[in-house]
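S.K.: Following this message is one structure expressed as structure tokens.
The values are calculated or read from the model by the stated rules, or taken from the named source; none is laboratory data. Worth saying up front: this structure is predicted, and the values here are computed from it rather than measured. Please note: Cβ atoms are built from the backbone with ideal geometry, for glycine as well, and neighbour counts cover all protein chains shown. We work out accessible area using only protein heavy atoms, side chains counted, and drop any ligands, DNA or RNA first. Shrake-Rupley method; radii C 1.70, N 1.55, O 1.52, S 1.80 Å.
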Amino acid sequence: MLIKRSISLSGHRTSIALEAPFWDELTRIATSKGLSRAALISDVDKARPPGSNLASTLRVLVLENLRETVSSAQD
């Protein structure tokens, strides 16, 4: 089930819909970087390619972070 959350990006309110596990991982990633979840999402928004979907970009970030975690654990 999707969970919608509102966030302010560049002074504009927007909603992002993600599944609960993605919200949980985004919170974990943000905490590990010393950021709020909103600050992490804002950074991702600023860095994403024009025309790309923010929710999809956030899911890919979570996937890449988990891959890095697994890879590090195997080394």
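S.K.: Between E19 and residues 5 or more places away or on another chain, which pairs have amide H atoms under 5 Å apart, with H built 1.01 Å from N, and which residues are they?
M.R.: Those lying under 5 Å, H to H, from E19 are I3.
S.K.: Treating only the Cβ atoms of Lys and Arg (+1) and Asp and Glu (-1) as charged, compute the dipole magnitude of the chain about its Cα centre; round to the nearest 20 debye.
M.R.: Rounded to the nearest 20 debye, it is 340 debye.
S.K.: Ok, one more. Please name which of G51, S8, L66 has its Cα lying farthest along the dipole of the chain towards the positive end, using unit charges on Cβ (Lys, Arg +1; Asp, Glu -1) and the Cα centre as origin.
M.R.: Of the listed residues, the answer is S8.
S.K.: Given a 1.4 Å probe and the protein chains all in place, what does the accessible area of R37 round to, in Å² to the nearest 10?
M.R.: 80
S.K.: Against the longest principal axis of the chain, how steep is helix 37-47, in degrees 0 to 90 to the nearest 10, with axes from Cα atoms?
M.R.: The angle comes out near 80 degrees.
S.K.: Still on this structure, I have one more. For the chain, what % of the accessible area comes from carbon and sulfur atoms, probe 1.4 Å? Working shown, then result.
M.R.: Numbers: 2700 of 5010 Å².
Reported share for carbon and sulfur atoms: 54 percent.
S.K.: Continuing with the same structure: Across the stretch 24-29, in residue order, what do the Karplus-derived ³J(HN,Hα) couplings come to in whole Hz, using 6.51 cos²θ - 1.76 cosθ + 1.60 with θ = phi - 60° and x for Gly and Pro?
M.R.: 4, 5, 4, 5, 4, 4
S.K.: What list of ³J(HN,Hα) couplings, whole Hz, do you get for the stretch 48-59 from phi and the Karplus terms 6.51, -1.76, 1.60, once you set θ to phi - 60° and write x for glycine and proline?
M.R.: 6, x, x, x, 7, 7, 5, 4, 5, 4, 5, 5
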